[in-house]
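Below is one structure, written out as structure tokens; the observations come after it.
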Amino acid sequence: MLKRKSSGSSSRWTCLRVNVAAALAAVVSLSSWGLAPEAMARSPLPGQLATVGLSGGAVGVAVQGRVLAAIRSTPAGISIIDTASLQVRSTTPLPVVPSAVVLTSDGTRAYVLGDTSIFVIDTDTGALLKQASYDDVPGATFTGVGPGMMSSLAISPDGRRLNVTINEDNENAAEVWAIDPDSLNVTRQASMLRGFSEGVGVPRSRLVSFDKQTFAVALKTIFKCQESGPCAYNQLVAVEGAEAMKAALALEPPNFYQKYVSSPAIARDPFDDTLLAASGAGLMRIDAASRAVLGETRPLGQFAFSTLDVDPIARRAYANIRRAYANSEDGKQGTVVVDLLSNSVLGGFARGSTAGRYTTAFFDSRGYFASKDGVTVIEPARMLGPVVEKVSLKLRAAGKGRVRVTATWPPAIGPDVSIYRAQIYSTERDKRQKTYTCTTRKLKCEFVMKRVAGSGDGLWSYYSSWVTASSKDGVDGPSTYADAPASPDDDESDGPWTYAVEWPWHSPCAWCKK
């Protein structure tokens, strides 16, 4: 193990344990690993073309041209799939479960992140070409266990730099590293957060690399703000060289709720080399060099976005909605689709849970989703339904221990709407109350419900609503979600109220009106 620090520079150059394993890790045939490709199950649903069956399923995907890389957890490894034939070409076993995979612009190499290691795979043969472990890099203080230690991976368009997020589970020392793709040596270590209330925040999204700089969405720490209430917020961070700085852009609307529950997502548009940022304020196009906003669409709604994917061929952006709660089964999660040529929202489509950062990929008018069955292939243009941008809940006392709960929403965008479906329910601590459902062509749904007793911390007693719009062709869009607190005194509540969650620490906070 050799280490040296370059003289006259703050950059640390580290020679790592590099294992050139081409001879030892030739292509592992599917039959020898017991992974013969299963028959592709054709789906009866419009737009769902096929599922590439993988034993144990897939937990992540990346696509470039005809090459699709799928992350597998059981057993751990990477499968390479031909997007034209939808056949598995090779599967490469790995010693740890990967957390991220990216492909080079020509699709010939897959860089895979797993725990504290990077693996390089030849996509033509499936051979493991190289691997490096980063446990002993100076300044690295890995804490905890699992893929959260190195969780995001990106490659610059010119292929000369890998960027990695490390220590995401350690709020004291989050960093973004630059790594040479050939040697796998660390060339730069940019500190994102120093101490509890310094630095610019903890990276919590996919990294987006340009030739000269890298961008991340980071959560600003809140420790200095306890007396005045919660103040954590998302911000855009630019990493240049060994420095990270906050970019002068507000990715969140001023609404208190959206600063906490909503989150933006970013991506690079390879067509014109600009940065795209999706948030409740809309899809913004940003000049990477000057960080000037070049344009934006109408607001995308009160959604939290987990990831933003760009199809460079179809010229569309796909903003994937994060689940409101990790364990919630309510509503339909989905994707909002934006046409980058007309700069307009086309609609959205419902789908299953894809909460991870690398569970979706789009290329040449097709979408690929990692799932428990393998990789689901869709044609998004045939799945578009209308999108309800936001839902407002209004509470009014109705007497005799009851409350009138009214959900309202603006006209949906996208395909013409035939019907809206709304669900309103209440939760008192951990007890779910009765759910009320209405189907309407109006932009309003109202019920008189049993009053929910407010809780002292305001976190576990609330009213909620899901609203979904269906097109005239019977296609559903994604569900839009809203919360309203159970006020300690509903008799004086005139709403509308919005539920705010302080993350990552739950401390007493105030409810704020819109």
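The values are calculated or read from the model by the stated rules, or taken from the named source; none is laboratory data. Source: prediction; values computed, not measured. Side chains are part of the model used for accessible areas, which takes the heavy atoms of the whole protein and leaves out ligands, DNA and RNA. Shrake-Rupley method; radii C 1.70, N 1.55, O 1.52, S 1.80 Å.
General observations
- Solvent-accessible area per residue, Å², over the range 342-458 with all protein chains present [probe radius 1.4 Å]: 46 Å²
- Residue-span extension gain [residue 432 to residue 404] - 0.36 nm each, minus C-alpha spacing: 8.3 nm
- Carbon/sulfur fraction of accessible area - the range 337-419, other protein chains in place, 1.4 Å, %: 48 percent
- Semi-axis lengths, Å, the range 48-145, gyration tensor of Cα atoms, sqrt of 5 times eigenvalues: 25, 15, 11
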